[in-house]
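Comments concern the structure below.
The values are calculated or read from the model by the stated rules, or taken from the named source; none is laboratory data. Everything numeric in this text was worked out from a predicted model, so none of it was measured. Note that we place each Cβ from the backbone using ideal geometry, even for glycine, and neighbour counts take in every protein chain shown.
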């Protein structure tokens with residue numbers, strides 16, 4: 001049985017030939033293009049092989065690919081339709097690829113690129129890990145601010161007064177939430193993809209796009225607190241009389257209590273996004289005056 005090693009990427013194909021010959025001494029192993037006669041190979045071991053492989057080796061019974069992807073092999077001219085192709089499922093890189101994905105996720109979630117940019121520009125910036133993991137003097141001050149705000153909210157509830165916007169913990173910074181809300185009116189309207197951005201000053205902006213449609217509508221207005229255990233807010237706008245209300249399941253998830261005046265029978269949620277979407281198409285519109293109603 002003859003084995004041919006064919007690769008346009010391998011710089012030292014003789015190393016593969018030597019290893020295969022040592023493992024299979026009863027078979028003849030040769031490298032593609034060694035000047036020997038073509039058409040005798042039964043097995044091909046390949047990685048990005050020459051385009052004329054199947055033309056010059058029509059007697060192949062099986063092919064072994066040194067990588068996981070075989071799309072290029074399937075597109076090669078002259079490939080016998082019933083030729084078995086064996087590929088690598090894991091070349092020892094699965095763990096490293098998972099670590100790379102975790103590295104990228106953590107780097108993005110913790111905003112390390114922005115912090116590195118500040119370091120390069122010699123600007124003062126707090127490390128994201130200190131802010132979000134609760135380390136350092138600034139984190140201590142932030143915890144003190146949170147404790148004071150929560151105490152104010154609790155006192156306001158006990159006294160029967162409204163909590164102030166500055167007391168609501170999940171909205172101490174601008175946040176964008178995204179989710180899909182189905183048709184709630186019982187008609188045959190399509191579901192909509194909803195992007196909602198909330199700012200600490202009481203302003204909100206939203207972008208609503210029906211699934212499958214290219215056009216979208218943008219709306220803005222003011223939000224107010226209507227509950228504190230858990231935190232609940234209502235969105236008001238001069239553009240529509242129907243209000244929408246949401247409950248904070250946690251600091252990063254909103255439950256839809258009512259949407260455009262309609263209460264859903266099932267639970268739908270909007271999830272916080274890593275980046276804030278300013279809904280820039282509303283930048284030229286007059287900003288709403290959102291006075292704290294408390």
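Structure notes:
- Among the residues making up segment 210-257, those that are out of contact with any strand residue (DSSP E or B) (no Cβ under 6 Å at 6 or more places or on another chain), under 22 Å from residue 278 (Cα atoms) and not in a strand (DSSP E or B) are 211, 213, 214, 215, 238, 251.
- Failed item in (1) over 16 Å from residue 175 (Cα atoms); (2) in contact with a helix residue (DSSP H, G or I) (Cβ under 9 Å, 6 or more places away or on another chain); (3) exposed (fewer than 12 other Cβ atoms within 10 Å of the Cβ), with residue 250 passing the rest: (1)
Yes or no, residue by residue, for (1) in the same structural domain as residue 274 (by TED's automatic domain parsing); (2) under 18 Å from residue 242 (Cα atoms); (3) in contact (Cβ under 8 Å) with a residue 24 or more places away in the chain:
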| position | (1), (2), (3) |
| --- | --- |
| 179 | yes, no, yes |
| 200 | yes, no, yes |
| 203 | yes, yes, yes |
| 208 | yes, yes, no |
| 213 | yes, no, no |
| 216 | yes, no, no |
| 221 | yes, yes, yes |
| 224 | yes, yes, yes |
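- Filter result for residue 15 (surrounded by fewer than 19 Cβ atoms within 10 Å (Cβ to Cβ) and farther than 26 Å from residue 93 by Cβ): no
- Positions within segment 1-21 being assigned to a loop (DSSP other than H, G, I, E, B) and more than 47 Å from the chain's Cα centre (by Cα), in sequence order: 1
- Residue within segment 156-171 that is part of a loop (DSSP other than H, G, I, E, B), crowded, with 20+ Cβ neighbours inside 10 Å, out of contact with any helix residue (DSSP H, G or I) (no Cβ under 6 Å at 6 or more places or on another chain) and at pLDDT below 85 present: yes
- Filter pass, residue 190 being more than 26 Å from the chain's Cα centre (by Cα), surrounded by fewer than 18 Cβ atoms within 10 Å (Cβ to Cβ) and not assigned by TED's automatic domain parsing to the domain that holds residue 114: no
- Residues being free of Cβ contacts under 8 Å to residues at least 60 places away in the same chain and either within 16 Å of residue 246 (Cβ to Cβ) or not in a loop (DSSP other than H, G, I, E, B) (or both) - total across segment 264-291: 3
- Residue tally, condition at pLDDT below 65 and in a helix (DSSP H, G or I), over segment 109-131: 4
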